[in-house]
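Read the figures in this text as sums done on the coordinates, not as results from a lab. The shown structure was predicted, so the numbers you read here are calculated from the model rather than taken from an experiment. Note: ideal-geometry Cβ built from the backbone for every residue, glycine included; neighbour counts use all protein chains shown.
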Amino acid sequence: MRRLFITSLFSICLAHLCFAGDDYPKRIVSLGSALTEELYILGAEDRLVGVTIYCERPPRAKEKEKVGNVVKVDLEKILSLKPDLVLATSLTDSRSKEKLKNLNIKVAEFTYAKNFSQICNDFLRLGRLVGNEKEAKGIVLKAKKRVEFIRDKVKDLPKHKVFVQIGAKPLHTVTKDSFINDFIEFAGGINVARVSRSGLYSREEVLKNNPDVIIIATMGIVGQNEKRSWQKLTTMEAVKNDRIYIVDAYKICSPTPVSFVEALEEITNLLHPDLDRR
């Protein structure tokens with residue numbers, strides 16, 4: 001019995017020493033949809049053991065254990081998964097984050113990105129955290145080159161006034177403090193709400209600014225209903241020229257460096273539909 005005890009103790013100590021020499025997490029819980037998608041992009045999905053109910057990209061992420069939503073998480077469920085790293089966002093309940101830290105679980109928090117540069121920097125940080133920094137650097141470099149190519153392509157084209165709607169009741173848009181503003185400006189457009197104090201807006205203000213293009217970030221019935229509402233304002237350029245578009249909210253509201261480029265290409269084509277024929 002004594003020999004068995006000593007052997008077991010030695011095995012535990014050896015396992016602890018091996019882990020101590022490896023700073024990279026082996027069991028990760030992600031509380032942000034973009035963070036989850038980025039782990040797949042980095043090739044670290046095998047270490048991902050828990051996600052939120054909103055982590056749906058790539059589709060394989062739906063198969064992971066669910067630990068709550070964007071704000072409220074199930075601490076017991078998270079603890080049962082024995083994570084050595086929890087990736088949280090600024091939306092994650094602060095009390096839950098503190099409880100996890102008090103239980104000696106490493107929590108890395110990622111704030112809302114204000115621009116493309118921060119998206120890239122956060123992605124590089126994630127790469128370092130999980131031990132895939134080299135892969136992260138390559139992906140970011142490729143994304144930045146593509147973004148610069150697009151910006152150079154549209155720099156001499158006419159700049160259209162754009163209004164982006166990301167909420168309906170109340171009407172909500174984006175200011176200069178959102179990475180979505182980068183979509184507009186990188187695509188060669190002008191964000192009519194750029195200098196607004198907040199994202200809260202009114203239809204009267206939109207009508208006054210008279211945008212050439214309206215982009216609605218939503219899906220399904222909600223998007224179609226909003227489009228019909230805008231079409232009633234027949235004096236607006238966007239309505240007169242039938243330039244009201246609905247785009248996938250997930251794509252432009254939770255971007256990775258990769259999906260940022262994809263969304264930028266889509267928005268650029270909406271603003272400049274004849275670009276590829278030039």
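General remarks:
- Counting only DSSP beta bridges with both residues in the chain, the antiparallel share comes to about 10 percent.
- Backbone N atoms of segment 89-131 closer than 19 Å to the 7 Å Cα→Cβ label point of Leu75 belong to residues 89-109.
- Rounded to the nearest 20 debye, dipole of segment 142-238 from Cβ charges on Lys, Arg, Asp, Glu: 200
- Placing one equal scatterer on every Cα of the chain and applying the Debye formula, the log10 ratio I(q)/I(0) at q = 0.16 Å⁻¹ is -1.23.
- Segment 130-278, relative contact order in percent, only Cα pairs under 8 angstrom and at least six apart counted: 25
- When the trypsin sites (Lys or Arg not before Pro) in segment 199-242 are filtered for DSSP coil states and for at most 12 other beta-carbon atoms within 10 Å of their beta-carbon, the remaining sites are Lys232.
- Computed log₁₀ I(q)/I(0) - Debye formula, equal Cα scatterers, no solvent, segment 78-129, q 0.15, 0.28, 0.31 Å⁻¹: -0.46, -1.09, -1.20
- Rough spin-label spacing in nm, given labels placed 7 Å along Cα→Cβ, for Glu109 and Arg194: 3.2
- Seen against the Cα atoms of the chain and their longest principal axis, helix 133-154 is set at about 0 degrees.
- Centre separation in Å (Cα based) which lies between segment 194-234 and segment 130-178: 20
- Local electrostatic count, Ser229, Cβ distance below 14 Å [Lys/Arg +1, Asp/Glu -1]: +3
- Percent of Cα-Cα distances greater than 16 Å, calculated over segment 25-141: 56
- Estimated [θ] at 222 nm from DSSP helical runs (n ≥ 4, -39500 (n - 2.57)) normalised by residues in the chain, nearest 500: -14000 deg cm²/dmol
- Cα centroid separation, segment 248-275 to segment 45-110: 28 Å.
- Environment charge at Leu100 (Cβ cut-off 15 Å; Lys +1, Arg +1, Asp -1, Glu -1): +3
- Cα-based shape type of segment 173-278, given that a ≥ b ≥ c are square roots of the gyration tensor eigenvalues and the cut on a/c is 1.5: rounded
- Taking every C-alpha pair closer than 8 Å and separated by at least 6 residues, the mean separation divided by the residue count of segment 36-138 gives a relative contact order of 20 percent.
- For segment 216-278, a simple Cβ point-charge model (Lys and Arg +1, Asp and Glu -1, everything else neutral) yields a dipole of about 280 debye relative to the Cα centre.
- Rounded, prolate or oblate (a/c below 1.5 giving rounded, otherwise prolate when a/b exceeds b/c) for segment 96-180 by Cα gyration tensor: oblate
- Estimated inter-spin distance, Glu204 and Thr235, nm [label 7 Å along Cα→Cβ]: 1.3
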